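Please read the structure below before turning to the comments.
The values are calculated or read from the model by the stated rules, or taken from the named source; none is laboratory data. All values derive from a computational prediction rather than experimental measurement. Every residue, glycine as well, gets a Cβ built from its backbone with ideal geometry; the counts of neighbours run over all protein chains shown.
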Amino acid sequence: MSQEHVSNINRIWLVFGILSVVTTVEVFLGIVKPDFLHMNNFLSMNLLNWIFIILTIFKAYYIVWAFMHMEGEKSSLRWTVVAPIIFLVIYLLFILLVEADYIYEVFKNATIKWNF
Amino acid sequence: MGSTVTTANSDEKTWGGGNQPLGADYGKLMMWFFIVSDALTFSGFLAAYGFSRFKFIDTWPLADEVFTHFPFMHGVSAPMYYVALMTFILIFSSVTMVLAVDAGHHLNKSKVAFYMFLTIIGGLIFVGSQAWEWKNFIHGEYGAIETKGGSLLQFVDKTGKRVKLEDFAATLPEDREHLDRSKGRWFMEEGTLPTYSVAEVQAGFKAHPELLIRTEVLYKDDAAAKQDTKVDHVLSKHKHKTVLTRAESEARLLNAAYVVEGANLVRNEYGSKLFADFFFFITGFHGFHVFSGVIINIIIFFNVLIGTYEKRRSYEMVEKVGLYWHFVDLVWVFVFTFFYLV
């Protein structure tokens, strides 16, 4: 072993607590769907979905950083793994979602009924 | 030992493999790179799901109306609870995995074995839960009608509650023979026939004047939509499926082409055809990852038991398989959000 490992069992349980609480909040919001979140949009997506996505990324951060022990790796390894994924995923989502919305408009405004 | 774990210090020659620019052993680094590529694969799937959903944003099924089952609570609508339970199971198995890795750092063989065992159990419970979820999804609950135009019609009562086909479909003295290999010519056969024929559903609908039809279209509660006389504006709620008036329901039902029960890769009773395809594909691919993760965990578990890593004085293999296991958990966090919540 090149480096000395201190036991971080307390931190593991703390992260488990955080993940559990966040999941509980997500499920609670998913069942209740409060109107002031569900009916109000920000950047053409409702606030509830924004909350879900932000909480998901929050959970992903804790899983990768604490459970996969990314926080203990060199910053060069961190960037090698995380940067390509973030860049490519945003790129892919941008193209696919914009295109899908375009196709939706085409179907909607078409003179031909396609689903009736 | 040298082939799986590099314990060389930096004194060794640069080209001899002793140099670690990223500070991780070869095996661990490759596991990270595999995870990157696998993460991109799942991103592709979820982005494709997003594409189809945005394309059919007006008619996409609502997840909390589809996944409503909970074990031993038959007939009770419990959206989200079961999948939340599955999420907790997977997160907890991630915790036991990371505890196993932690015990490995202290070369505590019995603790590693114990936590690995718990992780395997958690993984098996998760795969089993997913099988149960698939069973419910495939079997369906209410049944629906597909029109000639490819859209889906579901049935509700006066209060807007869903009604099962079996609760109203008539029994007609008709005989539709199932075509199988023994009767057909030249490898002709067909899938299982639905319980009811289109005519039986139509006759049953006519005999029950309190029933209405619910379309796939999400209702928008604005002035323009209120003008539509074909829609029941009392039962239709904003951002929920549109319920039609009785007259329009009868007119729509004349266009019926198929009786849809449950789900398969061609059509499903929940709505958009792509919905079931993506459900099977994405949760199936994830389930396959969990399954292979369990298999790898079992292999490592036995290696721990027979003392392979004890002899190596390094439990890094547990760490590597741990990375994979956490990744499976990570993917589930995203699948959970985009399939069940958003």
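Being more than 10 Å from chain B (Cβ to nearest Cβ) and either within 30 Å of B:Ala256 (Cα to Cα) or among the acidic types (Asp, Glu) (or both) holds for only one residue in A:Asn115, A:Asn109, and it is A:Asn109. Hey, could you check the stretch B:71-107 for residues that are within 9 Å of another protein chain (Cβ to nearest Cβ) and among the hydroxyl-bearing types (Ser, Thr, Tyr) and say which is surrounded by the most Cβ atoms within 10 Å (Cβ to Cβ)? This residue is B:Ser94. Taking the stretch B:1-105 and the helices (runs of 4 or more DSSP H) fully enclosed by it, the elements with 3 or more residues that are modelled with pLDDT of 90 or more are at B:26-55, B:81-105.
The residue that is farthest from B:Thr337 (Cα to Cα), among those in the stretch A:56-76 that are under 13 Å from the mean Cα position of the chain (by Cα) and at the interface with chain B (Cβ under 7 Å from one of its Cβ atoms), is A:Val64. Using the structure shown, decide if A:Trp79 is assigned to a helix (DSSP H, G or I) and out of contact with any helix residue (DSSP H, G or I) (no Cβ under 8 Å at 6 or more places or on another chain). Answer is yes for this residue.
Does A:Ile18 satisfy the criteria of being part of a helix (DSSP H, G or I) and within 8 Å of chain B (Cβ to nearest Cβ)? Taking the combined requirement at face value, the residue does not satisfy it.
Checked against the criterion of being within 15 Å of the chain's Cα centre (by Cα) and part of a helix (DSSP H, G or I), the stretch A:98-114 has no qualifying residue.
Against the list (1) at pLDDT below 95; (2) part of a helix (DSSP H, G or I), the condition B:Ser314 fails is (2). Just one of the listed residues (B:Phe281, B:Phe327, B:Phe275, B:Phe288) is in a helix (DSSP H, G or I), more than 19 Å from B:Leu118 (Cβ to Cβ) and within 14 Å of another protein chain (Cβ to nearest Cβ), and it is B:Phe275.
Condition test on A:Trp79, is it more than 9 Å from chain B (Cβ to nearest Cβ) and closer than 16 Å to B:Val342 by Cα? For A:Trp79, the condition - more than 9 Å from chain B (Cβ to nearest Cβ) and closer than 16 Å to B:Val342 by Cα - is not met. Just to be sure, is A:Phe42 in contact with a Phe, Trp or Tyr (Cβ under 7 Å, 6 or more places away or on another chain) and either more than 7 Å from chain B (Cβ to nearest Cβ) or touching a residue at least 12 places away in the same chain (Cβ under 8 Å) (or both)? So A:Phe42 fits the description; yes.
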